[in-house]
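Participant: Below is a structure I'd like to ask you about.
The values are calculated or read from the model by the stated rules, or taken from the named source; none is laboratory data. Everything numeric in this text was worked out from a predicted model, so none of it was measured. Here the Cβ positions follow ideal geometry from the backbone for every residue, glycine too, while neighbour counts run over all protein chains shown. Keep in mind that these areas ignore ligands, DNA and RNA; they rest on the heavy atoms of the full protein, side chains included. Shrake-Rupley method; radii C 1.70, N 1.55, O 1.52, S 1.80 Å.
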Amino acid sequence: MIVWINGAFGAGKTSAARELIDLIPNSTLYDPELTGTGLRTLLPPKKLAEVTDFQDLPIWRRLVVDTAAALLAELGGVLVVPMTLLRQEYRDEMFGGLAARRIPVRHVLLAPEETILRARIAQRAEGPGEADGPDPAGRWAYDRIETYRSALPWITGDAHTIDNGALTPRETAEHIAEAVRTGTAPACEIVQTPEPTAETVAAGVLLFDEHDRFLLVDPTYKPGWEFPGGVVESGEAPAQAGIREVAEEIGIHLDRVPKLLVIDWEAPRPPAYGGLRLLFDGGLLPRADADRLLLPGSELRGWRFVTEEEAATLLPPTRYARLRWALRARERSAVLNLEAGVPVG
């Protein structure tokens, strides 16, 4: 489990986190700022100059998720993460990536009054002996208050909020520990496929535009892009599952049964159970229909039409191999039998 402590700069996240690991048994502190510091050393200056905040670097968001998952796999218990997170799409990406790894996240917001927040920033920024006045970090923190204020509606709707303006770091940590213990700070409701208990059958559908590009969607609950589709339900025909999933995910109702392109067998590799993966040809999606495409915000954050070459940078390797053979099958008006993305028979 992860306890993610959110809040503006100066809210007391790190101080509370240090106290919290003494209150929650078998807990470890992970500060994603360290990951950002490492990237400042590893990445070339030209790349760093493209952003003003390391959170805008996709590699930082991926590394935070991977590092948190690796720490929990190595140490177990609870990971306490003090980190300001003001972009909802970044929250969806990172918490969704953790949910895809079956790691629940309890989101807590420390929200002192703004006057107290500003006083804390001033106290931290105006250290003695500084000839040049407030340091740049302090000015940056003041500039971010408006961003924090704008983000409050979605954060307060998602996180358990604690006004710690009059609390010491220890008292704040006690409030967090109690909220986690009692479930007042519940695990975030990230939409994800239920954990399988046996091999599964899944159906995906390729939808094409007038330029023969195909549609991919970007799930909030796992890393990497995906074809529209999902797990075939008990007693359901795979093609009908593809039709249902397309309607549920993007609001497009197919008026014909899609044609099967490939059937791919994935070997079970614990903790995954593997199973059969079918990919269908959903045909042309007219521009007018694409313009009316709807995304469920809890499941998908985006969609785009891509070429085969562009898909190589978006899809995981096994999914990309399946796609490549599906496109070859479409060109040949054939159906291919795959095992782990490789044709057999």
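Participant: Please tell me the relative contact order of segment 34-129 in percent, rounded to the nearest whole number, where contacts are Cα pairs under 8 Å and at least six residues apart.
Facilitator: Here the relative contact order equals 20 percent.
Participant: Would you mind calculating the gained length between A267 and R292 on full extension (0.36 nm times residue separation, minus the Cα-Cα distance), in nm to one decimal?
Facilitator: 5.2 nm
Participant: Same structure again: If packing is taken as the mean number of other Cβ atoms within 10 Å per residue, what is the order of 201-212, 309-320, 70-81, highest first?
Facilitator: Details: 201-212: 19.2, 309-320: 14.4, 70-81: 16.3.
Taking the mean over residues of other Cβ atoms within 10 Å, the ranking is 201-212, 70-81, 309-320.
Participant: From the backbone phi of segment 312-329, what are the Karplus-calculated ³J(HN,Hα) couplings (6.51 cos²θ - 1.76 cosθ + 1.60, θ = phi - 60°) in whole Hz, Gly and Pro given as x?
Facilitator: With the stated coefficients, segment 312-329 comes to 4, 8, 10, 9, x, x, 5, 5, 5, 4, 4, 4, 4, 6, 5, 5, 5, 5 Hz.
Participant: Would you mind working out the accessible area per residue for the chain, using a 1.4 Å probe, and quoting it in Å²?
Facilitator: 50 Å²
Participant: Under the 0.36 nm per residue contour assumption, what length would be gained going from the current alpha-carbon distance of E308 and D53 to full extension? Don't jump to the answer; show the numbers that get you there.
Facilitator: Working: separation 255, 0.36 × 255 = 91.80 nm, distance 3.17 nm.
Length gained, E308 through D53: 88.6 nm.
Participant: In 10 Å bins starting at 0, how do the alpha-carbon pair distances of segment 50-92 split up by percent?
Facilitator: Per 10 Å bin, starting at 0, the Cα pair percentages come out as 24, 51, 23, 3.
Participant: Which of F54, L39, V78 sits closest to the plus end of the dipole of the chain, meaning its Cα is farthest towards the positive end, when Lys and Arg get +1 and Asp and Glu get -1 on the C-beta?
Facilitator: L39
Participant: Which aspartates and glutamates, if any, have their Cα less than 19 Å from the Cα of K47, not counting same-chain residues under 8 positions apart?
Facilitator: Result set, ordered by chain and number: E33, D56.
Participant: Let me ask another. Determine the principal axes of the Cα atoms in segment 17-105, then give the extent along each, sorted from largest to smallest and rounded to whole angstroms.
Facilitator: For segment 17-105, the Cα spread along each principal axis is 43, 24, 24 Å.
Participant: Then there's this: Using the Karplus equation 6.51 cos²θ - 1.76 cosθ + 1.60 (θ = phi - 60°), what ³J(HN,Hα) coupling, rounded to whole Hz, does each residue of segment 152-166 give in order, writing x for Gly and Pro?
Facilitator: Using θ = phi - 60°, the values come out as 4, x, 7, 5, 5, x, 10, 10, 7, 9, 10, 7, 9, x, 9 Hz.
Participant: What does the charge count around W325 come to, taking other residues whose C-beta lies under 15 Å from its C-beta (Lys +1, Arg +1, Asp -1, Glu -1)? All intermediate terms of the calculation are to be shown ahead of the outcome.
Facilitator: Working: positive: K259, R277, R319, R322, R324, R328, R330, R332; negative: D264, E266, D281, E308, E331, E339.
Neighbour charge sum, excluding W325 itself: +2.
Participant: Which of the peptides 85-96, 33-44 is most tightly packed, and how do the rest follow, going by the mean number of other Cβ atoms within 10 Å of each residue?
Facilitator: Top to bottom by mean Cβ count within 10 Å: 85-96, 33-44.
Participant: Based on the Cα gyration tensor of segment 270-345, what are the three equivalent ellipsoid semi-axes, each the root of five times an eigenvalue, rounded to whole Å and given largest first?
Facilitator: 25, 18, 12
Participant: Add +1 for every Lys or Arg and -1 for every Asp or Glu among the other residues with Cβ under 9 Å from the Cβ of A173, and state the total.
Facilitator: -2
Participant: Projected onto the charge dipole of segment 226-345 (+1 at Lys/Arg Cβ, -1 at Asp/Glu Cβ, origin at the Cα centre), which of L293, S234, A321 gives the Cα projection farthest towards the positive end?
Facilitator: The residue sitting most towards the positive pole is A321.
Participant: Treating only the Cβ of Lys, Arg, Asp and Glu as charged (+1, +1, -1, -1), what charge dipole size does the chain show about its Cα centre? Round to the nearest 20 debye.
Facilitator: 500 debye
Participant: Sticking with this one: Please list, ordered by chain and number, the residues whose modelled amide H lies under 5 Å from the amide H of V262; skip anything fewer than 5 residues away on the same chain.
Facilitator: Those qualifying (amide H under 5 Å, at least 5 residues apart or on another chain) are L279, L336.
Participant: Please compute the contact order of the chain in relative form: average sequence separation of alpha-carbon pairs under 8 Å and at least six residues apart, divided by the residue count, as a percent.
Facilitator: Result for the chain is 17 percent.
Participant: Hey, could you grab the Kirkwood Rh for segment 201-277? Inverse mean 1/r over distinct alpha carbon pairs, Å, one decimal.
Facilitator: So the Kirkwood estimate lands at 13.5 Å.
Participant: Moving to a separate point now. Based on Cβ point charges of +1 for Lys and Arg and -1 for Asp and Glu, what charge dipole magnitude is obtained for segment 30-96 about its Cα centre, in debye rounded to the nearest 20?
Facilitator: 180 debye
Participant: Still on this structure: Among the DSSP beta bridges whose two residues both lie in the chain, what percent are antiparallel, rounded to the nearest 5?
Facilitator: 45 percent
Participant: If you don't mind, there's one more thing I want to ask. Run the helix sum for the chain: -39,500 (n - 2.57) per DSSP H stretch of 4+ residues, divided by residue count, reported at 222 nm to the nearest 500 deg cm²/dmol.
Facilitator: After summing the helix terms and dividing by the residues of the chain, the value is -12500 deg cm²/dmol.
Participant: While we're looking at this one, here's another question. Where the centroid of each part is defined by its Cα atoms, how far is segment 20-97 from segment 199-258 in Å?
Facilitator: 31 Å
Participant: Could you tell me the ratio Rg/Rh of the chain? Both radii from Cα atoms, Rh via Kirkwood.
Facilitator: 1.04
Participant: Can you pull the percent of the chain's accessible area that's carbon plus sulfur, 1.4 Å probe, other chains left in place?
Facilitator: Accessible surface attributable to carbon and sulfur in the chain totals 54 percent.
Participant: Note down the Stokes-Einstein diffusion coefficient of segment 197-327 in µm²/s, whole number, using a Kirkwood radius over alpha carbon pairs, 37 °C, and 0.692 mPa s.
Facilitator: In µm²/s, the coefficient is 220.
Participant: While we're on this one: Counting pairs of alpha carbon atoms under 8 Å apart in space and at least six apart in sequence, what relative contact order in percent does segment 280-344 give? Don't skip to the end; give the middle numbers.
Facilitator: Working: 24 pairs, mean separation 14.7, N = 65.
That works out to 23 percent.
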